[in-house]
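One structure is given below, encoded as structure tokens.
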Amino acid sequence: MTKYIYILFFLVSSLLGFGQQESYYSLYRYNMNVINPAFSGAESSNMLTLTSRSQWVSVEGAPTTFAFAYSSARGNNVGLGISLVSDKVFVEQQTFAYVDFSYKLQMSSDNVLYLGLKGGGNFYDSDPTALSTYDPFGDPTQIGLSKFNPNIGAGAYFKASNYWMSFSIPRLFNVKRNKDLAITAKDRVHAYFGAGADFAVTSAIYLKPSLMIRKVKGLPTTADITAMASWQNQFDLGISVRTNSSIALMSIVSLGNFDVGYAYETPTENLLSQVNLKTHEIVLRIKFGGGEGDAPEQSTSPEE
């Protein structure tokens, strides 16, 4: 009986609800290129980031995300980058491919403003023929869909000696996936605002609070509230709470030019926590060269 109640719940909610579109990230601070083009060239001369996220690992067909980002600080205050995100959910496969451009404005010796543009699009594929049907004659609406939707985005990133702020809209335009279907799906505009700071408790211990707010039309506004403690900027450990959604335990290990991060996320809702919906996220970041782009959290003291 419980099985049929779950099936009925998911059938009804799929008709009335709004679902997740762009991927959530727990370790967003180490994967900013994906959502903000202004981040290109802001942290290192050359930087490569790989992110793997497996959401609700106990559920068949649950969301899985793989993100690749590369950015480079060029001459004349210009930064260039590329970002690729592959997002698979059940019978849907989305691939976001964008080229990023940023321009640096030196406000003062410690304050820098980066402005960025993102251009590319989304390759969307769905294969509903993989769904089980009990109609011996088949479902005429059960047809595959493949489409490319071009789009552009914009963002700004402000960096000081021990704090930062970010605002971005990765996709500026709403896109309908297929206007010929009776029930349509639409990619909505997502807006992100983030901020964070570094506070030196001792010469070796730092506190790194941060906030990421995400707004999408038709969905409740969500906020990731994160608190990290760092030992000599080499080992970070902390916790992140996503409002009305989940809680995550996170760790970052910095080994020279390599940063390796892991996040373990679980729902905060009592009903969902009983279903064992666990999420794992891994980030690998490699820096080639240093220079003026080093991030605020990599400074060795607030006076530097």
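The values are calculated or read from the model by the stated rules, or taken from the named source; none is laboratory data. Computed from a predicted structure; not experimentally measured. No Cβ is skipped: glycine too gets one built from the backbone with ideal geometry, and neighbour counts run over all protein chains shown.
Look at (1) outside any strand (DSSP E or B); (2) surrounded by fewer than 23 Cβ atoms within 10 Å (Cβ to Cβ) and you find that Asn33 fails only one, number (2). The set of residues from region 267-284 being modelled with pLDDT under 95 and surrounded by 16 or more Cβ atoms within 10 Å (Cβ to Cβ) comprises Pro267, Leu277, Lys278, Thr279. Hey, does region 154-172 have a residue that's over 10 Å from Pro37 (Cβ atoms), at pLDDT 85 or above, assigned to a loop (DSSP other than H, G, I, E, B) and in contact with a Phe, Trp or Tyr (Cβ under 8 Å, 6 or more places away or on another chain)? Yes, region 154-172 contains at least one residue that is over 10 Å from Pro37 (Cβ atoms), at pLDDT 85 or above, assigned to a loop (DSSP other than H, G, I, E, B) and in contact with a Phe, Trp or Tyr (Cβ under 8 Å, 6 or more places away or on another chain).
Restricted to region 97-106, and to residues that are in contact (Cβ under 8 Å) with a residue 40 or more places away in the chain and out of contact with any helix residue (DSSP H, G or I) (no Cβ under 7 Å at 6 or more places or on another chain), which residue is surrounded by the fewest Cβ atoms within 10 Å (Cβ to Cβ)?
Initial filter on region 97-106 (in contact (Cβ under 8 Å) with a residue 40 or more places away in the chain): 98, 100-102, 104.
Next, from what is left, pick out any that are out of contact with any helix residue (DSSP H, G or I) (no Cβ under 7 Å at 6 or more places or on another chain): 98, 104.
Values: Tyr98: 24, Lys104: 22.
Result: Lys104.
Answer yes if at least one residue in region 93-107 is outside any strand (DSSP E or B) and over 18 Å from Asn46 (Cα atoms), and no otherwise. Looking for residues that are outside any strand (DSSP E or B) and over 18 Å from Asn46 (Cα atoms), one finds at least one in region 93-107, hence yes. Flag not set for Ser26, criterion: touching a helix residue (DSSP H, G or I) at 6+ places or on another chain (Cβ under 7 Å) and either at pLDDT 90 or above or surrounded by fewer than 20 Cβ atoms within 10 Å (Cβ to Cβ) (or both).
When you go through Ile252, Ile225 one by one, which is the residue that is closer than 20 Å to Lys287 by Cα and surrounded by 14 or more Cβ atoms within 10 Å (Cβ to Cβ)? Quick ask: steps written out before the conclusion?
Details: Ile225 fails: closer than 20 Å to Lys287 by Cα.
Answer to the selection: Ile252.
Could you check how many residues of region 220-233 are under 19 Å from Ala197 (Cβ atoms) and over 15 Å from the mean Cα position of the chain (by Cα)? Looking only at that region, the number is 7.
Just to verify a result, which residue in region 58-96, among those that are surrounded by fewer than 21 Cβ atoms within 10 Å (Cβ to Cβ) and among the polar types (S, T, N, Q), is farthest from the chain's Cα centre (by Cα)? In this case the residue turns out to be Asn76. Residues that are more than 19 Å from the chain's Cα centre (by Cα), over 19 Å from Ile35 (Cα atoms), at pLDDT 80 or above and not aromatic (Phe, Trp, Tyr) occur at least once in region 134-150.
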